[in-house]
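Here's the structure, in structure tokens; my notes come after.
The values are calculated or read from the model by the stated rules, or taken from the named source; none is laboratory data. Given the structure is predicted, the values throughout are model-derived calculations rather than measurements. Cβ sites come from the backbone with ideal geometry, for glycine too, and all protein chains shown count toward neighbours. In case anyone asks, the SASA skips ligands and DNA or RNA and just uses the protein heavy atoms, side chains included. Shrake-Rupley method; radii C 1.70, N 1.55, O 1.52, S 1.80 Å.
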Amino acid sequence: MKKEWPLWEIFIRGQHGLNHRHVGSLHAPDAEMAINHARDVYTRRKEGVSIWVVESADITASAPSDKGPLFDPAEDKVYRHPTFFDIPDEVGHM
Amino acid sequence: MYAQMVKSEAADGEQTPEDRAFQARIDRGEKIEPKDWMPEGYRKTLIRQIGQHAHSEIVGQLPEGNWITRAPTLERKQILLAKVQDEAGHGLYLYSAAETLGVSRDELFEKLHSGAMKYSSIFNYPTLTWADMGAIGWLVDGAAIMNQVPLQRTSYGPYSRAMIRICKEESFHQRQGYSIMMKMAGGTPEQKEMAQDALNRFWYPSLMMFGPSDKDSVHSAQSMAWKIKINTNDELRQKFVDETVPQAEYLGLTVPDPDLAWNAGRGHYDFTEPDWTEFFDVLKGNGPCNEERLGARVKAWEDGAWFREGLSAHAEKAAARRLAAE
Ligand SMILES: [Fe+2]
Ligand SMILES: [Fe+2]
């Protein structure tokens, strides 16, 4: 039998209150071992308080060629930002 | 450098519109990500370079691993253990980065084991005394830092991110080495002699880490255009010498180069080039420890096979049990 351990994507919560962030990947036979390995590979210096592991094969990513259709529409919607609106100083803090 | 003499796959023939658009992205400072279009040469050269870099981190554990059981104090032992463990981590970050380019981990290992892929020549030298642990941290990790810091800006996203992670950890490596050197150089005459001897043996092999002289490195131009090589070999080597010489002076040790001299006109040290015949010879497999190092890697891989397979079998069984219980 000759089979590579599957690849896992590793997400670490750096501090309480923050989101888990993708930090990299590693090979492991199962989720439990992936967490063990992630502890050794990605948190040797107290970089985390929590670990998520997801098998890479289970991630669906947007295609680079879809970048335009997906994200360009946001470009002409500057009114979504508060700074688009001029509010007179007399109104006070808003 | 941990990756020496990486053969660059220059584009043969005319540049296509895709090639030009790709180069424009790099020139604008954009990062290239795994799913983006890239020229075949870029992909292949990167696999070679990142792979060689990863192999160097992994094989690089061996010369220092040699001294873990014989560290002079428990504290030094813990520090060395942590340092060597970091190098394992560096190897893993880099293998993962290489895999995003479509090569498998096993393929990379097989190529290392068969000799098809190289690792840095520096790890084919023996570690004879405890002072060598100092010299390696100070000089070898020092030279690696010189090379890795600019590579944080490399064009390939996963490689750049791996380099950023690695650079955060390297400074500890160099400082723990220098701290060993300070202890030895400030110790008994015998200890100081050991420190001097370690410097004598590791000086030129460290200079070789940056690869051959610019006039002999044929592959630089394409790699530099692609921003997978940021500085030339000679630039980095000079920078290393300029930084290291005052550090040796502080230790009261002598750099084993009678022609080493400050050149006020250039604003740099003049120094003797390493023996390039020796370099090519070590790279070819004829260094003092090539067989031993590669032998240790192959043995670890083969001896670990039953364990890797056992864990896979356990994982499959557990998954089947979970499915049945649902
Ligand atoms: Fe390293
Ligand atoms: Fe290191």
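Scanning for something part of a helix (DSSP H, G or I) and within 14 Å of another protein chain (Cβ to nearest Cβ), does region B:275-296 turn up at least one residue?
No: region B:275-296 contains no residue that is part of a helix (DSSP H, G or I) and within 14 Å of another protein chain (Cβ to nearest Cβ).
Return the residues of region B:299-312 that are more than 8 Å from chain A (Cβ to nearest Cβ), assigned to a helix (DSSP H, G or I) and surrounded by 10 or more Cβ atoms within 10 Å (Cβ to Cβ); say none if nothing qualifies.
B:Lys299, B:Ala300, B:Trp301, B:Glu302, B:Ala305, B:Gly310
Within region B:103-141, work out how many residues are away from ligand 2 (no atom under 16 Å from the Cβ), of a type in the set (A, V, I, L, M) and open to solvent by less than 10 Å² (accessible area, probe 1.4 Å).
The qualifying residues number 3.
Please enumerate the residues belonging to region B:98-118 that are closer than 15 Å to B:Ala3 by Cα and either within 15 Å of the chain's Cα centre (by Cα) or within 13 Å of chain A (Cβ to nearest Cβ) (or both).
B:Ala98, B:Leu108, B:Leu112, B:Met117, B:Lys118
Among B:Thr69, B:Thr100, which is the only one that is surrounded by 17 or more Cβ atoms within 10 Å (Cβ to Cβ), among the polar types (S, T, N, Q) and closer than 30 Å to A:Trp5 by Cβ?
It is B:Thr100.
Within region B:28-123, considering only helices (runs of 4 or more DSSP H) that don't extend past its boundaries, which have at least 3 residues that are out of contact with any Pro (no Cβ under 8 Å at 6 or more places or on another chain) and over 21 Å from B:Gly295 (Cα atoms)?
Filter on region B:28-123 gives B:40-59, B:74-99.
Grab the strands (runs of 3 or more DSSP E) fully contained in region A:1-66, keeping just those with 3 or more residues being at pLDDT 95 or above and surrounded by 20 or more Cβ atoms within 10 Å (Cβ to Cβ).
Per the criteria, A:7-13, A:20-27.
Which numbered condition trips up B:His53, out of (1) in contact with a Lys or Arg (Cβ under 9 Å, 6 or more places away or on another chain); (2) more than 14 Å from chain A (Cβ to nearest Cβ)?
Of the numbered conditions (1) in contact with a Lys or Arg (Cβ under 9 Å, 6 or more places away or on another chain); (2) more than 14 Å from chain A (Cβ to nearest Cβ), the odd one out for B:His53 is (1).
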